[in-house]
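The values are calculated or read from the model by the stated rules, or taken from the named source; none is laboratory data. Keep in mind the model is a prediction, meaning the values are calculated, not measured. Glycine gets a Cβ as well: all are built from the backbone with ideal geometry, and neighbour counts include every protein chain shown.
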Amino acid sequence: MDKRILVVEDEEDILNLYIDVLRDAGFDVDGAENGKEALEKFGKKEYDLVILDIRMPVMDGIETLARLLEKKKDVKVIINTAYGSYKDNFLTWGADAYLIKSSSMEELVNKVKELLNV
């Protein structure tokens with residue numbers, strides 16, 4: 001498949017879960033624990049899609065989203081957060097999808113496949 005995904009999530013257990021699930025689905029996956037680390041990785045490697053939490057230390061997901069789109073305006077981005085309230089924030093509208101975190105990984109994997117056409 002060779003589609004590269006960057007998962008940006010500050011909770012280590014959730015980050016590792018997403019990485020494992022997406023790798024099992026056949027994707028090449030890297031992780032970052034905050035926006036600053038994500039931007040560093042994004043500058044070194046090409047990614048087809050970024051899964052982005054909003055509430056993180058160092059640099060939040062909204063600022064990270066803006067900076068990612070400055071670097072590569074056609075990168076696919078899924079905002080994946082526990083907070084539905086950010087959906088009304090116009091700064092999140094640059095994302096291709098907005099998911100509320102749930103215990104089911106199926107929705108996330110299906111959205112990734114849909115956005116990457118696989």
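Scanning region 1-13 for residues that are more than 15 Å from Ser102 (Cα to Cα) and buried (at least 18 other Cβ atoms within 10 Å of the Cβ), we see that the one that is farthest from the chain's Cα centre (by Cα) is Lys3.
Residues being surrounded by 13 or more Cβ atoms within 10 Å (Cβ to Cβ), farther than 18 Å from Glu9 by Cα and in contact (Cβ under 8 Å) with a residue 60 or more places away in the chain are entirely absent from region 74-92.
Contact annotation: residue pairs with Cβ atoms under 9 Å, 6 or more positions apart or on different chains, pairing a residue in region 14-26 that is within 18 Å of Ile54 (Cα to Cα) with a partner that is part of a helix (DSSP H, G or I) and not acidic (Asp, Glu), are Tyr18/Leu108.
From the list Glu70, Glu107, Glu63, pick out the single residue that is more than 17 Å from Arg4 (Cα to Cα), of a type outside the set (Ser, Thr, Tyr), without any contact (Cβ under 8 Å) to a residue 12 or more places away in the chain and out of contact with any strand residue (DSSP E or B) (no Cβ under 8 Å at 6 or more places or on another chain). Full working, then the answer.
On the way: Glu107 fails: out of contact with any strand residue (DSSP E or B) (no Cβ under 8 Å at 6 or more places or on another chain); Glu63 fails: without any contact (Cβ under 8 Å) to a residue 12 or more places away in the chain.
Residue meeting the stated conditions: Glu70.
Number of residues in region 29-46 that are touching a strand residue (DSSP E or B) at 6+ places or on another chain (Cβ under 7 Å) and outside any loop (DSSP other than H, G, I, E, B) equals 8.
Here Gly26 fulfils each of the conditions (1) of a type outside the set (Phe, Trp, Tyr); (2) out of contact with any strand residue (DSSP E or B) (no Cβ under 6 Å at 6 or more places or on another chain); (3) part of a helix (DSSP H, G or I) apart from (3).
Do we find that Ile100 is of a type in the set (A, V, I, L, M), surrounded by 15 or more Cβ atoms within 10 Å (Cβ to Cβ) and touching a helix residue (DSSP H, G or I) at 6+ places or on another chain (Cβ under 7 Å) in this structure? Answer is no for this residue.
The listed residues are Leu15, Leu6, and the only one of them that is aliphatic (A, V, I, L, M) and part of a helix (DSSP H, G or I) turns out to be Leu15. Within region 47-68, being outside any strand (DSSP E or B) and of a type in the set (A, V, I, L, M, F, W, C) holds for Ile54, Met56, Val58, Met59, Ile62, Leu65, Ala66, Leu68.
Please tell me if Ala95 is assigned to a loop (DSSP other than H, G, I, E, B) and either over 14 Å from the mean Cα position of the chain (by Cα) or crowded, with 17+ Cβ neighbours inside 10 Å (or both). So Ala95 fits the description; yes.
Residues that are modelled with pLDDT under 90, charged (D, E, K, R) and surrounded by fewer than 19 Cβ atoms within 10 Å (Cβ to Cβ) are absent from region 14-33.
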